[in-house]
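Before we start, here is the structure in question, set down as structure tokens.
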Amino acid sequence: MDASAHSATDTHAKSMTGADIVVSCLNEEKVKFVFGYPGGAVLHIYDALYKQNGFKHILVRHEQAAVHAADAYSRATGDVGVALVTSGPGATNAVTGIATAYMDSIPLVVISGQVPVPAIGMDAFQEVDMVGATRPCVKHNFLVKHVKDIAPTIKKAFYIAKTGRPGPVVVDIPKDITAHVADFIYPKTVEMRSYNPILKGHSGQIKKAVKLLLAAKRPMIYTGGGLVLGNGAAELVKLARALNFPVTNTLMGLGGYPATDRQFVGMLGMHGTYEANMSMQHCDVLLAVGARFDDRVIGNPKHFSSQKRTIIHIDVDPSSISKRVKVDVPIVGDVQSVLSDMNEILAQEENQTTDTADWWTQINEWRGVQSLDYAYSDTVIKPQYVVQKLWEVTKGEAYVTSDVGQHQMWAAQYYKFDKPRRWINSGGLGTMGVGLPYAMGCQFADKNAQVACITGEGSIQMNIQELSTCAQYGLPIKVILLNNRYLGMVRQWQEFFYENRYSESYMDSLPDFVKLAESYGHVGMQITNPADVEGALKEAFDKKDKFVFMNFLTDQTENVFPMVENGKGLSEMVLSPRTASRLKGEE
Amino acid sequence: MRHIISLLMENEAGALSRVAGLFSARGYNIESLTVAVTEDPTLSRMTIVTTGSDDVIEQIIKQLNKLIDVVKVLDLNDGKHIERELMLVKVKATGVHKDEMKRMCDIFRGRIIDVADNSYTIELTGSCSKLDAFIEAIDRSAILETVRTGASGIGRGDRILKV
């Protein structure tokens, strides 16, 4: 298949089975963990991995969780995540995980078993066209049809997954070729004429960008997941501090700029802060870094573009530039490299900043709105309060994973992430059920770290079987269940847009989560009184070697504010009734 | 606006479906798509005729470039180019149609490549609009069957798409 992958000539090439080659490739890539689940088509591979001790295999309880855990491992470490699943249902179960990683540009190599080559296309037992099924949600995929192609293909898969705009790569391997024998030669390098991501930004464009930034009156820096994935946070902090510009992060970008820093104006977007959205809307020069102006971030693109501003956009993926919003100065390249070039050019400028005093006065006025203010109650637990206390108890140092819904937004709004790769959530696909397997991936990435999974009673039940995996490996994760007995975000939209018709958004017949956790050998806690929140969190995190499932019974009617409704402009936020009435009172 | 896009891609299984899948997944139009191997057996060349605003075409080119198997993409509309399409038309060749079809075929510089008792099969090459014009020009009721290849395009003179 492959004239382009360079084969190193190795006179000591060892002859081995395809299964041993797969395992050897993973060891060559210095993989530490493979998350997976065995089955017929991968039995040879499972036999081969039994006989090695290079990487550790983590047995999950459902293939979806294997891919999510590998995904979180990658988000937390920056390494390529690896999952191994069998053919047919194993492969299709993995698809949600793969699509989740694809939407957030996470580098994964997913190895799936396939029926033997002669059986392909015969509707064989546990056969599915995995290459066809995953085509729309992978960066690339391969069906390996000959044992000699296994090593060069896996080499390419890792290379493609982690370079350029990262993403998941599927390698589908028929069972028979894992039994065939070939010489094992792992290529040292990969050269592909069809794939050469641009890493170095165009110097002319970068100079132009610096000039524009220095001429700005109302500058704004907006960074996304790309800044975190591209390890550009340190360079960005340097640039932003030198310029004294305000910074906002997207949901995916949280931690890219320290949330406790004076220049940070909070997350922007549908549930962004008032000051972030207003600054984004009214700035005159916008520096976008590793972000893609998506619908949850800028709201209605026409409304956004109605305000004139000059946009500089740094992204490693040319197709992300000028996709939804026309960009004035595109810079294609690796964010870290481009930002470092910008810092160098800025250092050579005579005037290294611009007067932003008036702009900061305006921003501080917007800050005064205090859009994240909520009413503390001493009778019912407010979900925001739990997140705030979690931040305090963990000293802002925890890896925080979330599922999808209201709790995800509260986690993003109230946990102040000062470091990149600490906030792990499904931003693009919005996959309920990621939280627990994500927490597993984080705990494997850093076994001594505090890992909290902020979740809802809807989401947690979508991968609750992983409580068993956590028991098997003794993972001391803390589940923070914000249990409002509703599919909260659905309920919120039904309240706002469907005249309170709560169609199927109520969670009836919930399990006793405490007993459920205990049945797996975990610690279960139920917290109903606001006064107990902080103490319970401290108690849980003091149990350093225990998995603790904390069931917080929270206010059923709480909504996420501010909110930019679908189709509305970014500055047309709905504020919480409390904030709105306070502002009215001040008038 | 109508654009004709040429691309070179690795001649590998599934490469065509990646391009076709991209167009359907992102809701881009395909008027025609042709593909065949080039003089280099490791490369396939594809010609895609599509329509869209400048922004859409820009995205199509970027998205095509993003496919791992795609080596090079060229929007032929960016310069002078030639396009040709082959059409085979089976027409009634009885009564009044017999001479008429022969005459029209000559006018359009087509060739009759199969003669049967009641029909001719005409081979016609040209730009898509020329083939459309032929269909317009002959009596609709005389058409038994048509088959078109879709356009193939190439740049003029020094505009060369090669690895």
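The values are calculated or read from the model by the stated rules, or taken from the named source; none is laboratory data. Given the structure is predicted, the values throughout are model-derived calculations rather than measurements. For neighbour counting, all protein chains shown are included, and Cβ atoms are generated from backbone atoms with ideal geometry for every residue, glycine included.
Given the structure, is residue A:67 surrounded by fewer than 24 Cβ atoms within 10 Å (Cβ to Cβ) and among the aliphatic types (A, V, I, L, M)?
Details: surrounded by fewer than 24 Cβ atoms within 10 Å (Cβ to Cβ): no; among the aliphatic types (A, V, I, L, M): yes.
In short, no.
Residues to consider are A:456, A:405, A:441, A:430; find the one that is in contact (Cβ under 8 Å) with a residue 24 or more places away in the chain, surrounded by fewer than 24 Cβ atoms within 10 Å (Cβ to Cβ) and among the small types (Gly, Ala, Ser). Give the derivation first.
Numbers: A:456 fails: surrounded by fewer than 24 Cβ atoms within 10 Å (Cβ to Cβ); A:405 fails: surrounded by fewer than 24 Cβ atoms within 10 Å (Cβ to Cβ); A:441 fails: surrounded by fewer than 24 Cβ atoms within 10 Å (Cβ to Cβ).
Testing whether each residue is in contact (Cβ under 8 Å) with a residue 24 or more places away in the chain, surrounded by fewer than 24 Cβ atoms within 10 Å (Cβ to Cβ) and among the small types (Gly, Ala, Ser) leaves just A:430.
Let me ask something additional. Restrict the check to the range A:234-243 and report whether at least one residue is of a type in the set (Val, Ile, Thr) and more than 30 Å from residue B:9 (Cβ to Cβ). Step through it out loud before you land on a result.
From the range A:234-243, those of a type in the set (Val, Ile, Thr) are A:237; that's our starting set.
This time we only want the ones that are more than 30 Å from residue B:9 (Cβ to Cβ), so: A:237.
Scanning the range A:234-243 turns up at least one residue that is of a type in the set (Val, Ile, Thr) and more than 30 Å from residue B:9 (Cβ to Cβ).
Also, I was wondering about something else. Being under 25 Å from residue A:411 (Cα atoms), at pLDDT 95 or above and of a type outside the set (D, E, K, R) is true for just one of A:221, A:206. Which residue is that? Write out each step before concluding.
Working: A:206 fails: under 25 Å from residue A:411 (Cα atoms).
The match here is A:221.
Do we have any residue at all in the range A:76-95 that's closer than 28 Å to residue A:401 by Cα and acidic (Asp, Glu)? Write out each step before concluding.
As a first pass, look at the range A:76-95 and keep what is closer than 28 Å to residue A:401 by Cα: A:76-86, A:89-95.
When the remaining residues are screened for being acidic (Asp, Glu), the result is A:79.
Yes: the range A:76-95 contains one or more residues that are closer than 28 Å to residue A:401 by Cα and acidic (Asp, Glu).
Out of A:160, A:150, which single residue is crowded, with 24+ Cβ neighbours inside 10 Å, within 14 Å of chain B (Cβ to nearest Cβ) and either not in a loop (DSSP other than H, G, I, E, B) or not aliphatic (A, V, I, L, M) (or both)? So that I can check it myself, show each step before the final result.
Details: A:150 fails: within 14 Å of chain B (Cβ to nearest Cβ).
Result: A:160 is the single residue among A:160, A:150 that is crowded, with 24+ Cβ neighbours inside 10 Å, within 14 Å of chain B (Cβ to nearest Cβ) and either not in a loop (DSSP other than H, G, I, E, B) or not aliphatic (A, V, I, L, M) (or both).
List pairs: first in the range A:14-25 and surrounded by fewer than 24 Cβ atoms within 10 Å (Cβ to Cβ), second in a strand (DSSP E or B) and among the hydrophobic types (A, V, I, L, M, F, W, C), Cβ under 6 Å, 6+ apart or cross-chain?
A:14/A:184; A:15/A:181; A:16/A:184; A:17/A:181; A:24/A:184
For the range A:14-56, which residues satisfy the criterion of being hydroxyl-bearing (Ser, Thr, Tyr) and assigned to a helix (DSSP H, G or I)?
Going residue by residue through the range A:14-56, those that are hydroxyl-bearing (Ser, Thr, Tyr) are A:15, A:17, A:24, A:37, A:46, A:50.
If the condition is that a residue be hydroxyl-bearing (Ser, Thr, Tyr) and assigned to a helix (DSSP H, G or I), then A:24, A:46, A:50 are the ones that fit.
Restricting the range B:1-46 to residues that are away from chain A (no Cβ under 11 Å) and of a type in the set (Lys, Arg), which is nearest to residue B:71 (Cα to Cα)?
B:45
Would a scan of the range A:558-566 turn up a residue that is over 20 Å from residue A:371 (Cβ atoms), surrounded by 20 or more Cβ atoms within 10 Å (Cβ to Cβ), in contact (Cβ under 8 Å) with a residue 40 or more places away in the chain and in contact with a Leu (Cβ under 9 Å, 6 or more places away or on another chain)?
From the range A:558-566, those over 20 Å from residue A:371 (Cβ atoms) are none; that's our starting set.
No, the range A:558-566 contains no residue that is over 20 Å from residue A:371 (Cβ atoms), surrounded by 20 or more Cβ atoms within 10 Å (Cβ to Cβ), in contact (Cβ under 8 Å) with a residue 40 or more places away in the chain and in contact with a Leu (Cβ under 9 Å, 6 or more places away or on another chain).
From (1) among the aliphatic types (A, V, I, L, M); (2) over 30 Å from residue A:453 (Cα atoms); (3) touching a residue at least 40 places away in the same chain (Cβ under 8 Å); (4) away from every other protein chain (no Cβ under 14 Å), pick out the condition that doesn't hold for residue A:130.
Among (1) among the aliphatic types (A, V, I, L, M); (2) over 30 Å from residue A:453 (Cα atoms); (3) touching a residue at least 40 places away in the same chain (Cβ under 8 Å); (4) away from every other protein chain (no Cβ under 14 Å), the lone unmet condition for residue A:130 is (4).
Hey, another quick one. Report those strands (runs of 3 or more DSSP E) wholly inside the range B:1-97 carrying at least 2 residues which are without any contact (Cβ under 8 Å) to a residue 60 or more places away in the chain and surrounded by 15 or more Cβ atoms within 10 Å (Cβ to Cβ). Don't jump to the end; show me each part of the working.
Numbers: elements: B:2-10, B:32-37, B:43-51, B:70-75, B:81-92.
By residue number, B:43-51, B:81-92.
Which of the numbered conditions does residue B:163 fail, given that it passes all the others? Conditions: (1) outside any strand (DSSP E or B); (2) buried (at least 17 other Cβ atoms within 10 Å of the Cβ); (3) within 14 Å of another protein chain (Cβ to nearest Cβ).
All conditions are met except number (2).
What pairs can you find where one residue is in the range A:189-204 and within 13 Å of another protein chain (Cβ to nearest Cβ), the other is of a type in the set (Phe, Trp, Tyr) and outside any loop (DSSP other than H, G, I, E, B), and their Cβ atoms are less than 7 Å apart, with a gap of 6+ or different chains?
That search, which allows pairs on different chains as well, returns A:190/A:159.
When the range B:145-160 is examined, which residues are found to be surrounded by 14 or more Cβ atoms within 10 Å (Cβ to Cβ) and on the phi < 0 side of the Ramachandran plot? Show your work before the answer.
The first filter runs over the range B:145-160 and keeps only residues surrounded by 14 or more Cβ atoms within 10 Å (Cβ to Cβ), leaving B:146, B:148-155, B:159.
Selection gives B:146, B:148, B:149, B:151, B:152, B:153, B:154, B:155, B:159.
Could you list, in sequence order, the residues of the range A:305-337 that are more than 24 Å from residue A:102 (Cβ to Cβ), outside any loop (DSSP other than H, G, I, E, B) and either in contact with an Asp or Glu (Cβ under 6 Å, 6 or more places away or on another chain) or within 13 Å of chain B (Cβ to nearest Cβ) (or both)?
Answer for the range A:305-337, where residues must be more than 24 Å from residue A:102 (Cβ to Cβ), outside any loop (DSSP other than H, G, I, E, B) and either in contact with an Asp or Glu (Cβ under 6 Å, 6 or more places away or on another chain) or within 13 Å of chain B (Cβ to nearest Cβ) (or both): A:305, A:310, A:311.
Condition first: assigned to a loop (DSSP other than H, G, I, E, B), more than 29 Å from the chain's Cα centre (by Cα) and surrounded by fewer than 21 Cβ atoms within 10 Å (Cβ to Cβ). Now tell me which residues in the range A:163-186 satisfy that.
As a first pass, look at the range A:163-186 and keep what is assigned to a loop (DSSP other than H, G, I, E, B): A:163-167, A:175, A:179-180, A:185-186.
Adding the requirement that they be more than 29 Å from the chain's Cα centre (by Cα) leaves A:175, A:179-180, A:185-186.
The answer is A:179, A:180, A:185, A:186.
Which one of A:227, A:236, A:254 is surrounded by 24 or more Cβ atoms within 10 Å (Cβ to Cβ), in a loop (DSSP other than H, G, I, E, B) and either in the same structural domain as residue A:307 (by TED's automatic domain parsing) or not charged (D, E, K, R) (or both)? If you could, list the steps in order and put the result at the bottom.
Numbers: A:227 fails: in a loop (DSSP other than H, G, I, E, B); A:236 fails: in a loop (DSSP other than H, G, I, E, B).
That would be A:254, the only listed residue that is surrounded by 24 or more Cβ atoms within 10 Å (Cβ to Cβ), in a loop (DSSP other than H, G, I, E, B) and either in the same structural domain as residue A:307 (by TED's automatic domain parsing) or not charged (D, E, K, R) (or both).
Okay, moving on. Regarding residue B:89, is this residue within 24 Å of residue A:136 (Cα to Cα) and either within 14 Å of chain A (Cβ to nearest Cβ) or touching a strand residue (DSSP E or B) at 6+ places or on another chain (Cβ under 8 Å) (or both)?
no
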